[in-house]
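Step one of this worksheet: look at the structure below.
The values are calculated or read from the model by the stated rules, or taken from the named source; none is laboratory data. This one's a predicted model, so the numbers in the text were calculated from it and none came from an experiment. Virtual Cβ from ideal backbone geometry, glycine too; neighbours counted across all protein chains shown.
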Amino acid sequence: MIKINHFEKSNEFSRQIHDLIPGGAHTYSKGDDQFPVNAPKAITHGKGAHVWDLDGNEYIDCSMGLTSVCIGHGYEPVAQAVCEAAYRGTNFQRPATIELEAAKLFLETVQSGDMVKFGKNGSTVTTAAIKLARAFTGRNRVAIAKEHPFFSYDDWFIGSTPCDRGIPAQVKAMTASFGYNDYESVEKLLADKDHDIACLIMEPVKFDEPKDNFLHKVAALCKDRGVLLILDEMITGFKWSLQGAHNYYGVKPDLATWGKGIANGFSACALTGRADVMELGGIRREGEDKVFLISTTHGAETTGLAAMVATIKEFKQHNMIESNWARGKVLKERLQQVVQKHDLSNALQIVGFPCFFALVCRNAGGVPDDAYRTLMMQEMIVRGVLFQGLFYPTWSHQQAEMDLMVMAFDESCAVYSKAIAAGTTENLLIGKPAKAVFRKKI
């Protein structure tokens, strides 16, 4: 395979952007410290599953804008719907007519909850769900699944991470944790009848299946103890099914949060839930205390909602969920065959589901290792695959893209084998290893 080795414009971009934007990006997961030094520093444009950097290098995109681009970059039916909405006006003094259309279509599609509130960012709707739960239950504390890496940039969650600078201790004390697939840890949290837990929030699934009826048992326990169950579909929504992973597993939350891949990369997120809970944020119950739920100028901007409506229609018309699962299954199997070919089963582990899976990179001792992970990223990127550890098959990842991804992985595994044999990435990894997003020190 041809190797990419010119980054002059990318490197100049990186030198300038850090002087103007803290972190050099508006999402920490996109920062320079998350990639090897040979990664493109900026993307100029994308089409389908392909993106191009400032130096004209072309890559296949593996994670598609942090999985927000659920069909493909520049997908014309969605882009056209956005353009048409923009020409008709993006924001008005009263609700736009598309807000009702979008609400009806979204609730009909996801089949979760009676009401919906739209927003622009996932953190907005997860934090709104927390506020509703506190208002509804009269309790204060929040319980989060400790294995799930991100729920919000707001203090109630970030205070539970190593990046807790600037967050008061009193706020941090308001968040507790439990283990996913550890029902006893949930029972322990709610054992005291005077517990102060307003809600539990978790993803329905990450890379491990829910075991021993975990989701259903937690839902039943929450109902018994008067705790609201919030299932975060930010990642899983429109991947497991159009109804999300919680419907895939047959569990019903009180509230659900949606985002990322519901509008093919455009900014649209949603909070859905029971009418008796959601209506606390309404204005029809005269005389009752008002919950100031989500109230943002751009929350229902017409372009984002138009993108969401068009995305849903495209998913339904082309049966994209089933197609993504089928192609993802083949890709996952082919990658696993490459791992076995290079005798790397103890060092490389493919985890997850055909619709969304990850590569765990271990050192010669079998321990997950950032240096080895970065080496794999480096070798995939130099071969034209923009890889950060995740595989997200979309409608745009067809046979040609899959073949190139497997070829790049095969050659990358050959380099990885050398590191395993040597017991080090020295002389193979260029620059420093990528770092964790959530860390105490810069």
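The table for this structure:
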{"item": "Options Gly166, Gly159: the member that is at pLDDT 95 or above, of a type outside the set (S, T, N, Q) and touching a helix residue (DSSP H, G or I) at 6+ places or on another chain (Cβ under 8 Å)", "result": "Gly159"}
{"item": "Residue match in region 19-28 (condition: under 24 Å from the mean Cα position of the chain (by Cα) and of a type in the set (A, V, I, L, M))", "result": "yes"}
{"item": "Failed item in (1) free of Cβ contacts under 8 Å to residues at least 60 places away in the same chain; (2) surrounded by fewer than 22 Cβ atoms within 10 Å (Cβ to Cβ); (3) hydrophobic (A, V, I, L, M, F, W, C), with Met115 passing the rest", "result": "(1)"}
{"item": "Where Gly366 falls short, out of the listed (1) surrounded by 15 or more Cβ atoms within 10 Å (Cβ to Cβ); (2) more than 21 Å from the chain's Cα centre (by Cα)", "result": "(1)"}
{"item": "Conditions (1) of a type outside the set (D, E, K, R); (2) farther than 30 Å from Thr44 by Cβ; (3) surrounded by 22 or more Cβ atoms within 10 Å (Cβ to Cβ): number failed by Cys70", "result": "(2)"}
{"item": "Of residues in region 260-280 being among the hydrophobic types (A, V, I, L, M, F, W, C) and part of a helix (DSSP H, G or I), the one surrounded by the most Cβ atoms within 10 Å (Cβ to Cβ)", "result": "Met278"}
{"item": "Some residue of region 322-332 being in contact with a Ser or Thr (Cβ under 7 Å, 6 or more places away or on another chain), at pLDDT 95 or above, surrounded by 21 or more Cβ atoms within 10 Å (Cβ to Cβ) and of a type outside the set (S, T, N, Q)", "result": "no"}
{"item": "Criterion: of a type in the set (Gly, Ala, Ser), surrounded by fewer than 16 Cβ atoms within 10 Å (Cβ to Cβ) and under 25 Å from the mean Cα position of the chain (by Cα) - qualifying residue of Gly250, Gly244", "result": "Gly250"}
{"item": "Verdict on Ser123 being of a type in the set (Gly, Ala, Ser), free of Cβ contacts under 8 Å to residues at least 40 places away in the same chain and buried (at least 19 other Cβ atoms within 10 Å of the Cβ)", "result": "yes"}
{"item": "Pick from region 82-133, criterion acidic (Asp, Glu) and more than 27 Å from Leu66 (Cα to Cα), ranking: farthest from the chain's Cα centre (by Cα)", "result": "Glu101"}
{"item": "Filtered residue count, region 403-433, keeping only those that are in a loop (DSSP other than H, G, I, E, B) and closer than 13 Å to Ile381 by Cα", "result": "2"}
{"item": "Only listed residue being within 29 Å of Gly431 (Cα to Cα) and either under 22 Å from the mean Cα position of the chain (by Cα) or surrounded by fewer than 13 Cβ atoms within 10 Å (Cβ to Cβ) (or both), chosen from Lys341, Lys313", "result": "Lys341"}
{"item": "Scope region 26-54; condition crowded, with 17+ Cβ neighbours inside 10 Å, farther than 19 Å from Lys432 by Cα and among the hydrophobic types (A, V, I, L, M, F, W, C); matching residues", "result": "Ile43, Ala49, Val51, Leu54"}
{"item": "Single match in Ala143, Ala128, Ala96, Ala86 (criterion: among the hydrophobic types (A, V, I, L, M, F, W, C) and not assigned by TED's automatic domain parsing to the domain that holds Glu203)", "result": "Ala86"}
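Conditions tested, residue by residue: (1) surrounded by fewer than 16 Cβ atoms within 10 Å (Cβ to Cβ); (2) assigned by TED's automatic domain parsing to the domain that holds Met380; (3) closer than 18 Å to Arg334 by Cβ.
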| residue | (1), (2), (3) |
| --- | --- |
| Asp410 | no, yes, yes |
| Cys413 | no, yes, yes |
| Leu428 | no, no, no |
| Ala436 | yes, no, no |
| Arg439 | yes, no, no |
| Ile442 | yes, no, no |
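Residue by residue, here is whether (1) out of contact with any Cys (no Cβ under 6 Å at 6 or more places or on another chain); (2) more than 22 Å from Ala408 (Cα to Cα); (3) not charged (D, E, K, R) holds:
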| position | (1), (2), (3) |
| --- | --- |
| Lys47 | yes, no, no |
| Tyr59 | yes, no, yes |
| Ser68 | yes, yes, yes |
| Ile71 | yes, yes, yes |
